[in-house]
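Some notes on the structure that comes next.
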Amino acid sequence: MKSFLLISLLLPLLAFGERHEKVASCLDSTEHVEIALMLLYSNVELVPTCKYLDVYRKGRLLDRINVRKTLKSLPTIANLFSQFDSVERNNQVRYYSHENGEKNLAYVKTLNQKRKPILLVGYVEDSISWGKTFYRYDSSDKLIEETDYKFYKYSRDSTLLQTNRNIYLDGKLKETHFTQYVELSDLVSTTDCYFNSSGDPVEQHHKLQTKKGEQINQSSTRYGYQKDRLLSSVVKTGEKNDALYFEYRGSRILAYRMKNGVRKLIYTFVQVTAKNRQRD
C-alpha cells in the first residue's frame, strides 16, 4: 500500500516526491475515476488480477477503467528517471534529457558512502520551478526523513513555492506535512497526513490560512479499513461534508454516499479479469 495518499498532491510533487498521492477529493466531476484510484491503491491485491474496473451507475455502464494503464500513467520518481540517460561519477548520478538534438541536465542525485541518496536537485527545463530534496537516515541506514523544497524558477530571490516533509518509522511512512504558498497572495495551504502501522493513511487535515495565521477554511478526512486492509470508508468534514462507504461482494465493489443519514448507492465497480473479461 505504498501509494494512495494524496492523489490531489501527486502531480505538483511528481519531480520530488514519490509517495503522495493516495487520497483524492471525493467531490470532483470525475469522482468515479478518483474513487477507483483510491480502491486500486488501497486494495493492492486487485492489481495483479484485475484488468479493468467497469463502473456502473443506476444499472448502466458509465466507464471502463484500464487498471494497469491508469496506474502506469501516474508519475513516480522511478518512471520519471527512466525517461533520461544517466551518468555516474564519484558520488553523483546526473540525469540528462534529450530534446530536438539537445542534451540538458535534468537531475543530480548525490549518494552517501553506502550509495543511499542524500540530496536530489532538479533542473527540469520545461518546469516553472526547481527543487531540492534532502534525505536523512538513522544509525541502521533506514530512511527517517525526506524533505523537499520547490522554488519558483525565474525568481531572483528563489521564492519558495512549496515544501513537503515525510517522516518514516522503521522504514514505513508515519506522517507527511505539505505546505504550498499560493502565488501572488499571502495565502498558505497546509496538508498533514498520518498513517497506521501498516502504512495506510488514517487521518488527513487541510487548512487554508494567511501568512499571519488567520484561518480561511479547514477540513479533515478519516479513512477506515476492514481487517484485511480493504478500504471501508472515507469521511470528509469541513466546509462541504462528504462520506463514502464501500461494500465488497465478490468481484463487485459497491460505493455508497451518506445522504440525510441514509446510505445511497452511487457507483458499482466490477472487477474484470482475464477470465471474466467481456470486451476490450
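Structure data summary
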item	result
Cα-centre dipole for region 144-270 with unit charges at Cβ (Lys and Arg positive, Asp and Glu negative), debye to 20	620 debye
Whole-percent carbon and sulfur share, accessible surface of region 226-279, 1.4 Å	47 percent
Full-stretch length increase - residue 186, residue 85 - with 0.36 nm per residue and alpha-carbon distance subtracted	32.4 nm
Approximate spin-label separation residue 92-residue 210, in nm, with each point projected 7 Å along Cα-to-Cβ	4.4 nm
Theoretical gain in end-to-end length, residue 175 to residue 249 [0.36 nm per residue, Cα-Cα removed]	23.4 nm
For residue 202, residues with placed amide H under 5 Å, excluding near neighbours	194, 195, 196
Under the Karplus curve 6.51 cos²θ - 1.76 cosθ + 1.60, θ = phi - 60°, whole-Hz ³J(HN,Hα) for region 224-239, x wherever Gly or Pro sits	x, 9, 7, 4, 8, 6, 7, 5, 10, 7, 9, 10, 10, 10, x, 4
Accessible-area composition of region 88-185, carbon plus sulfur, in percent [1.4 Å probe]	47 percent
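The values are calculated or read from the model by the stated rules, or taken from the named source; none is laboratory data. Only a predicted model underlies this, so the values are computations on that prediction, with no experimental measurement involved. With ideal geometry, Cβ positions are generated from the backbone for all residues, glycine too; neighbour counts draw on all protein chains shown. The protein model used for the area step is the full one, side chains on, heavy atoms only, and it has no ligands, DNA or RNA in it. Shrake-Rupley method; radii C 1.70, N 1.55, O 1.52, S 1.80 Å.
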